[in-house]
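*Asks:* Below: one structure in structure tokens.
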Amino acid sequence: MQDKAVAKLIAAEEKRQSEGLELIPSENYVSSEVRQAMGSIFTNKYSEGFPGKRYYGGQVNTDAVEKLAIDRAKTLFKADHANVQPHSGAPANEAVYHAWMEPGDTIMGMELSHGGHLTHGRPGTISAKLFNFVRYGIDDIETGKIDYAQMRETALKTKPKIILAGFSSYPRELDYAKFAAIGEEVGAVLMADMSHIAGLIAGGVLNNPFDFGFHIMTTTTHKTLRGPRGAMILSRGIVSNPLKPVDKTIDNLPTLIDRSVFPGLQGGPHMHIIAAKAVAFYEAAQPAYKLYCEQVLINAKVLGDELMKLGFKLVTNGTDNHMVLADIQTSFGFDGGVAEKTLDRIGLTLNKNVVPDDPLPPFRPSGVRLGTPAITTRGLKEEHMIKVAQWMHKALKSHNDETELNKLAKEVKQFASEFPLPD
Ligand code: DSN
């Protein structure tokens, strides 16, 4: 590479990634095929519109590759329609809100400190300015069970146009059938933001909301799904002519969503990323991927159990998915930010995170969030989870002891070198 400055930073990032262990639950390592497609010549092409209906010429290959991505996504998630163009998770959610609602309409999402994502109506976001967010949350902090009675009561009172299931920091399975029953009773569209767990749904190890009557699913493509950075929107409905105005019905969801993405929110789709999404969907349909998903869950369970044995207080006392939330303030008497920095220092990367009804502010929250998707891709198994938990415990116990932290950092680096990054 002629640009030595960028080349140096790429090499440094590769070194950082290979010498440490990635525990952020929303990150992963993509295959060399996914990276190849991302770096492909498709990046040169403008393709506003959809396959067969573009605003520029020269679309023979872009049409074919987008169609491939759409068909593979539909098969993987049992959807009627897939829009694979959203650049990221936030615009995907935004596109759905605008496809189905008008400014001022009400949407019901998860309480943010109980696990809901920023795009589920955090004050200050565009969607929170335009739409009226009402909340459901957990009723038992020890089990993490959602308060479905409160959800129903609020839904009956506020008549949301959309009920949104989904989270970015919640370690339990949702009861989609209960969401669906409430949605049906109040006439709401059921939307699932499955960004964190879409890969585990595709791999068949977690429930698919479409099997319980959901109408729309959004997801990023780079988390458990192990594809390029980006997102997609899956839905029920019948694909119709996107040039004619359509009523807001379930059958028309594909058209409403497509128009909301383009021209609603985005211009030219990133065709190199769409090609890489197609590759990731191919990979997720292979038998090896199911085994990977099974191991992600096993690893998370073992990691959570081991942390609890060592005295970590876990939010909901365990996990059903790929992530673990630990209340550091309760366990060690300091906040999650200190834990994040201390663990980074020894090569374990995770993120500070709020815990339900956190008494501390978001920049200095009580907890940390960690997960197993990336380390499982790297080849780590149950026995290695015990090591990871022990390193975390030792480092946090001696977070002011430079000698001990140096010793642990060496151990982690040596261990990580035995598990090379996928090439
Ligand atoms: N940043 C993602 C996560 O870590 O959950 C969601 O946007």
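*Asks:* Would you please name the residue that is surrounded by the most Cβ atoms within 10 Å (Cβ to Cβ), looking only at residues in region 365-386 that are of a type in the set (A, V, I, L, M, F, W, C) and within 16 Å of the ligand (Cβ to nearest atom)?
*Replies:* Start the filter on region 365-386 by keeping residues that are of a type in the set (A, V, I, L, M, F, W, C), which leaves 368, 370, 374-375, 380, 385-386.
Going one step further and asking which of them are within 16 Å of the ligand (Cβ to nearest atom), we end up with 368, 370, 374-375.
Values: 368: 28, 370: 30, 374: 25, 375: 27.
Checking each candidate, the answer is 370.
*Asks:* What residue, of 116, 109, 39, 52, is more than 16 Å from the ligand (Cβ to nearest atom) and farther than 30 Å from residue 423 by Cβ?
*Replies:* Only one candidate qualifies: 52.
*Asks:* Is it true that residue 239 is touching a Ser or Thr at 6+ places or on another chain (Cβ under 9 Å), of a type in the set (A, V, I, L, M, F, W, C) and surrounded by 19 or more Cβ atoms within 10 Å (Cβ to Cβ)?
*Replies:* no
*Asks:* If you go through region 208-247 one residue at a time, how many are within 16 Å of the ligand (Cβ to nearest atom), in contact with a Lys or Arg (Cβ under 6 Å, 6 or more places away or on another chain) and not in a loop (DSSP other than H, G, I, E, B)?
*Replies:* So the answer is 0.
*Asks:* Here's something else I'd like to know. Looking at region 1-57 only, could you name the residues that are more than 30 Å from residue 352 (Cβ to Cβ) and among the acidic types (Asp, Glu)?
*Replies:* 3, 33, 48, listed by residue number.
*Asks:* Tally up the residues in region 148-207 that are in a helix (DSSP H, G or I) and either modelled with pLDDT under 95 or touching a Leu at 6+ places or on another chain (Cβ under 9 Å) (or both), please.
*Replies:* Summing the residues that are in a helix (DSSP H, G or I) and either modelled with pLDDT under 95 or touching a Leu at 6+ places or on another chain (Cβ under 9 Å) (or both) in region 148-207 gives 13.
*Asks:* Further question: Can you tell me which of 2, 17 is in a helix (DSSP H, G or I) and out of contact with any Ser or Thr (no Cβ under 7 Å at 6 or more places or on another chain)?
*Replies:* Criteria check complete, one pass: 17.
*Asks:* Residue under question is residue 122, and the condition is that it be more than 16 Å from the ligand (Cβ to nearest atom), farther than 23 Å from residue 317 by Cα and among the charged types (D, E, K, R); does it hold?
*Replies:* So residue 122 does not fit the description; no.
*Asks:* If residue 27 passes every condition in (1) more than 16 Å from the ligand (Cβ to nearest atom); (2) under 30 Å from residue 376 (Cα atoms) but one, which one does it miss?
*Replies:* The one condition residue 27 does not meet is (1).
*Asks:* Being within 30 Å of residue 96 (Cβ to Cβ), surrounded by fewer than 24 Cβ atoms within 10 Å (Cβ to Cβ) and either free of Cβ contacts under 8 Å to residues at least 40 places away in the same chain or out of contact with any Asp or Glu (no Cβ under 7 Å at 6 or more places or on another chain) (or both) is the requirement here; does residue 333 meet it?
*Replies:* no
*Asks:* Within the bounds of region 413-423, is there any residue that is farther than 30 Å from residue 290 by Cβ and either among the acidic types (Asp, Glu) or crowded, with 21+ Cβ neighbours inside 10 Å (or both)?
*Replies:* no
*Asks:* Next up: Being of a type in the set (D, E, K, R) and within 15 Å of residue 133 (Cβ to Cβ) is the filter; apply it to region 148-205 and report the residue that is surrounded by the most Cβ atoms within 10 Å (Cβ to Cβ).
*Replies:* Checked region 148-205; the qualifying residue surrounded by the most Cβ atoms within 10 Å (Cβ to Cβ) is 193.
*Asks:* Ok, one more. Report, by residue number, each residue of region 343-383 that is closer than 18 Å to residue 422 by Cα and small (Gly, Ala, Ser).
*Replies:* 374, 379, listed by residue number.
*Asks:* Name the helices (runs of 4 or more DSSP H) wholly within region 32-141 that hold at least 2 residues that are surrounded by fewer than 17 Cβ atoms within 10 Å (Cβ to Cβ), of a type outside the set (S, T, N, Q) and touching a residue at least 60 places away in the same chain (Cβ under 8 Å)?
*Replies:* 32-38
The values are calculated or read from the model by the stated rules, or taken from the named source; none is laboratory data. Not measured: the values here are computed from a predicted model. Note that each Cβ is placed from the backbone with ideal geometry, even for glycine, and that neighbours are counted across all protein chains shown.
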